[in-house]
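J.: The structure is given below, and queries will be raised subsequently.
The values are calculated or read from the model by the stated rules, or taken from the named source; none is laboratory data. Keep in mind it's a predicted model, so treat the numbers as computed, not measured. Reconstructed Cβ throughout: ideal geometry from the backbone, glycine too, with neighbour counts over all protein chains shown. The protein model used for the area step is the full one, side chains on, heavy atoms only, and it has no ligands, DNA or RNA in it. Shrake-Rupley method; radii C 1.70, N 1.55, O 1.52, S 1.80 Å.
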Amino acid sequence: MTTITGRFAPSPSGPLHFGSLVAALASYCQAKACSGRWLLRIEDVDTPRVVAGAAEQILRDLEAFGFAWDDSVLYQSERFEQYQYYLDNLLGQDDCYACECSRRNLREQNAPQGPLGLIYPGNCRDKQLSVANHSIRLRTKKAGVVKFSDRVYGEFALNLSETVGDFVLKRVDDIYAYHLAVVIDDEQQGVNQIVRGADLLENTCLHIFLQQRLGFDTPSYMHIPLVNNATGVKLSKQTGANAIDQQNAALQLLDALIHLGQSPGPDLLTCKPAEILQWAIDNWTPELIPIQRPSIAENFES
Ligand code: GLU
């Protein structure tokens, strides 16, 4: 039987907040309830967005909240050669091409808006530009409608060429795109079960198409409801979400479990984080994860 391998993949653009704790917890419980492995990957591919000290803080917070990861931590910033290797393969099989369009060019051209931003109209598709000093895009013409069955959100589909267009795998400033890094890392780490926030549902269709072009297997996907703040905006580092607080680990873990539709009793409040996590694994019921979030997380924010 194949071992289940899940992962948590935070970006070190700031400390973990309640939304990231929910993602860590759901991926941990889902992996451990299947007697699987749970890996930790620091997604620092976008080096200009990395905040000094954030990765170390994330590791310390996870430990204080009782999480124990398998294997050593993987850092994307140490893997650029791998990303280039696969990008060269894609270029070699004419799946990718160089592009000189800036976002501003596309706006001036009135490129239509899709679920993931401006839909690329294909300006450079046949220009045969040199790869140096240009961004690199993946051709999506062959993608058609990409479908998958999410364990929480059910059937999900996106017509990639019509609603996204050819998407960037390497930026003009030489930064590898998250899409390329995440697909290669999951494959090479043997990740076969992905649990992450519902803001990435659409992105999953891009990842599945990329996996197909690279000849990789597609993992199973479970997206979990986002945590919004009191004004209904998704908690994120950009919207100034509060960092999780090691002093209140038990309470925040219980709130996170409630957000995920689980029913921890108040007796757990006096337990250590590792004991709460063990309860969560033993009682993990993913069928109860709501598509709409309950209001408890809002209370937590105030
Ligand atoms: N690094 C992403 C984030 O922090 C998560 C990506 C993923 O789980 O695939 O939002």
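J.: Can you give the FRET efficiency for Gln247 and Ala68, using 1/(1 + (r/R0)^6), R0 = 35 Å, r = Cβ-Cβ distance, to the nearest 0.05? Working shown, then result.
T.: Details: r = 20 Å, r/R0 = 0.58.
The pair Gln247/Ala68 has a calculated efficiency of 0.95.
J.: Taking a cut-off of 22 Å between Cα atoms, list the lysines near Lys142, but don't count ones fewer than 8 places away on the same chain.
T.: Answer for Lys142, where 22 Å is the Cα cut-off: Lys127, Lys170, listed by chain and number.
J.: Share of the chain's accessible area from carbon and sulfur, percent, 1.4 Å?
T.: On the chain, the fraction of accessible area on carbon and sulfur atoms equals 48 percent.
J.: Give me the percent of DSSP beta bridges within the chain that run antiparallel, rounded to the nearest 5.
T.: 60 percent
J.: For Thr204, Thr47, what's the largest-to-smallest order of accessible area, 1.4 Å probe? Intermediate values should be presented prior to the final figure.
T.: Details: Thr204 0, Thr47 65 Å².
Listed by decreasing accessible area, they come as Thr47, Thr204.
J.: With angles folded into 0 to 90 degrees, how steeply does helix 273-282 sit against the dominant principal axis of the chain? Use alpha carbons for both and round to 10.
T.: It works out to around 80 degrees.
J.: Using only Cα atoms and rounding to the nearest 10 degrees, what angle (0 to 90) does helix 201-214 make with the longest principal axis of the chain?
T.: Relative to the chain, helix 201-214 is tipped by roughly 60 degrees.
J.: Right, something else. With +1 on each Lys and Arg Cβ and -1 on each Asp and Glu Cβ, and nothing else charged, work out how big the dipole of the chain is about its Cα centre, in Debye to the nearest 20. Could the numbers behind the result be given before it?
T.: On the way: 26 positive and 36 negative charges, 145 e Å.
Roughly 700 debye for the chain.
J.: Something else: Using alpha-carbon positions, what is the distance between the centroids of region 118-194 and region 41-115, in Å?
T.: 12 Å
J.: Taking Cα atoms, how many degrees apart are the long axis of helix 249-259 and the longest axis of the chain, rounded to 10 and kept between 0 and 90?
T.: Between helix and principal axis, roughly 70 degrees.
J.: Might you list the cysteines of the chain that have no disulfide-compatible partner by the rule of another cysteine's Cβ under 4.7 Å?
T.: So, Cys29, Cys34, Cys96, Cys101, Cys205, Cys271.
J.: Using modelled amide H (1.01 Å from N, peptide plane; none on Pro or chain starts), what sits under 5 Å from the amide H of Gln193, excluding residues fewer than 5 places away?
T.: Thr5, Ser220
J.: Additional query: Relative contact order for the chain: what is it in percent, counting Cα pairs under 8 Å that are at least 6 residues apart? Walk me through the numbers on the way to the answer.
T.: On the way: 519 pairs, mean separation 68.3, N = 302.
Taking the mean separation of contacting Cα pairs over the length of the chain, I get 23 percent.
J.: Per residue, how many Å² of accessible area does the chain show with a 1.4 Å probe?
T.: On a per-residue basis, 46 Å².
J.: Further question on the same structure: In deg cm²/dmol and to the nearest 500, what is the mean residue ellipticity at 222 nm of the chain if only DSSP H runs of at least 4 residues count, each as -39500 (n - 2.57), divided by the residue total? Mind showing how you got there, number by number?
T.: On the way: 10 runs with 102 residues, N = 302.
Helix-only estimate at 222 nm: -10000 deg cm²/dmol.
J.: A further question follows. In straight Cα distance, which lysines are under 23 Å from Lys32, not counting same-chain residues fewer than 8 positions off?
T.: Lys272
J.: Between Leu129 and residues 5 or more places away or on another chain, which pairs have amide H atoms under 5 Å apart, with H built 1.01 Å from N, and which residues are they?
T.: Ala98
J.: Could you order the peptides 69-78, 193-202 from most to least packed, using the average number of other C-beta atoms within 10 Å per residue?
T.: 193-202, 69-78
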